[in-house]
C-alpha cells in the first residue's frame, strides 16, 4: 500500500491528506509541535481549518520528521511559501532516493524571488531533483474535502515523474492532469494571487462585476506576458493552473484572497 507524508497541517495539506487516505493510502501528517499532533490524533479532525470533517483511519499525525517520511512514496510540501526552505532543510535527510517531492504551496521566495521548486532544489541533493513536481489548479480546499468534483495540474520536468504523482493523487472526484511546464504551473499559482487581491479590493469598493471582470482580464494578460518572458508555455496559462485557478480565486467567497489580514 502506498504511503504519503504531508509536511504542514495547513488547510490544503490536511485536505490532500484526507482525500488520499480515503482512497486507501497511508498518510502521515507532519505537524509543527507534539501538542498539535496529539490534538489532531485525539480529535480526528482539524477543528480550526476543516470543522466537522473527520479523518479517515489511514490518516495520522506526528511531529517527528523521520516517522512521517519513513517509507514514503511521496512527500507533499504544504507549508506557507516563506517557510518551505526551512522545512525542507529539516526533512531532507529523511527523503529516500525514490520519494517524489510535491510542492503545493503558491508563491515566490521573498528576497531571492525563486519559485518554490527552485528553493527545494537548492536544499536537497542533486539526485533528488528529478523527483520534484508541483501542483496547482482551481482547488478550493473546502470543496475538495467534501468530495465535490474538481481538477488540477501536476507538473514535473520529467513527464514520467508527473504521471507517477498523478497516479497517487487522482480520485474519482479529483481529476489530475500532467504537464512538463513547471515554470508555467508555478508562476500561474503565484501570480494569480496578486490579481485576486485586486479583484477583492474592487469588489469591496463596490465597483461592480463589470469592473472586476475587466481587471481580471487585463491582469491575466499580464500574467501570460510575464510567464512567457520567464520561459513558460502559453497554453499553461489557458488551462487549470492558469485561468482556472485565477477565476475561482477571484470569484469564490471561499477564497482566502477575499480578505487581507494586516
Between the helical axis of 11-22 and the dominant principal axis of the chain, each derived from Cα atoms, what acute angle in degrees is found, rounded to the nearest 10?
50 degrees
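Stretched out fully, how many nm does the piece from residue 122 to residue 146 gain, at 0.36 nm a residue minus the Cα gap? Provide the component values of the computation, followed by the final result.
Details: separation 24, 0.36 × 24 = 8.64 nm, distance 3.61 nm.
Residue separation times 0.36 nm, minus the Cα-Cα distance, leaves 5.0 nm.
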Measuring from centroid to centroid over Cα atoms, what is the spacing of the range 34-75 and the range 167-221 in Å?
29 Å
Only helices counted: for the chain, with every DSSP H run of 4 or more residues adding -39500 (n - 2.57) and the sum spread over all residues, [θ] at 222 nm is -13000 deg cm²/dmol
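What does the highest-first list of 22-31, 230-239, 182-191, 202-211 look like by mean Cβ count within 10 Å? Before the final figure, lay out each step's value.
Details: 22-31: 22.0, 230-239: 17.5, 182-191: 26.7, 202-211: 12.0.
Descending packing order for the listed peptides: 182-191, 22-31, 230-239, 202-211.
Working out 0.36 nm times the residue gap between residue 43 and residue 163, then minus their Cα-Cα distance, what length gain in nm do you get to one decimal? Write down the numbers at each step before the final one.
Details: separation 120, 0.36 × 120 = 43.20 nm, distance 3.46 nm.
Result: 39.7 nm gained on full extension.
Give me the number: length gained by fully extending residue 230 to residue 197, i.e. 0.36 nm times residue separation minus the C-alpha to C-alpha distance, one decimal in nm. The partial results should precede the final answer.
Numbers: separation 33, 0.36 × 33 = 11.88 nm, distance 2.25 nm.
Fully extending the segment from residue 230 to residue 197 adds 9.6 nm.
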Pairwise label distance in nanometres, residue 110 with residue 129, each label 7 Å out on the Cα-Cβ vector
2.9 nm
Using eta = 0.890 mPa s and T = 25 °C, Stokes-Einstein with Kirkwood Rh from Cα pairs puts D for the chain, in µm² s⁻¹, at 132 µm²/s
For residue 209 paired with residue 70, estimate the spin-label separation in nm (one decimal), with each label point 7 Å from Cα along the Cα-to-Cβ line.
5.4 nm
Each label sits 7 Å from Cα toward the beta-carbon; between residue 254 and residue 90 the label points are separated, in nm, by 2.8 nm
Taking Cα atoms, the helix 159-169 axis meets the longest principal axis of the chain at an angle in degrees (rounded to 10) of 70 degrees
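Each reported figure results from applying straightforward, stated rules to the coordinates on display, with no laboratory input. Owing to the predicted nature of the structure, the values given are computational and were not obtained by experimental measurement. All Cβ positions, glycine included, derive from the backbone under ideal geometry; neighbour counts span all protein chains shown.
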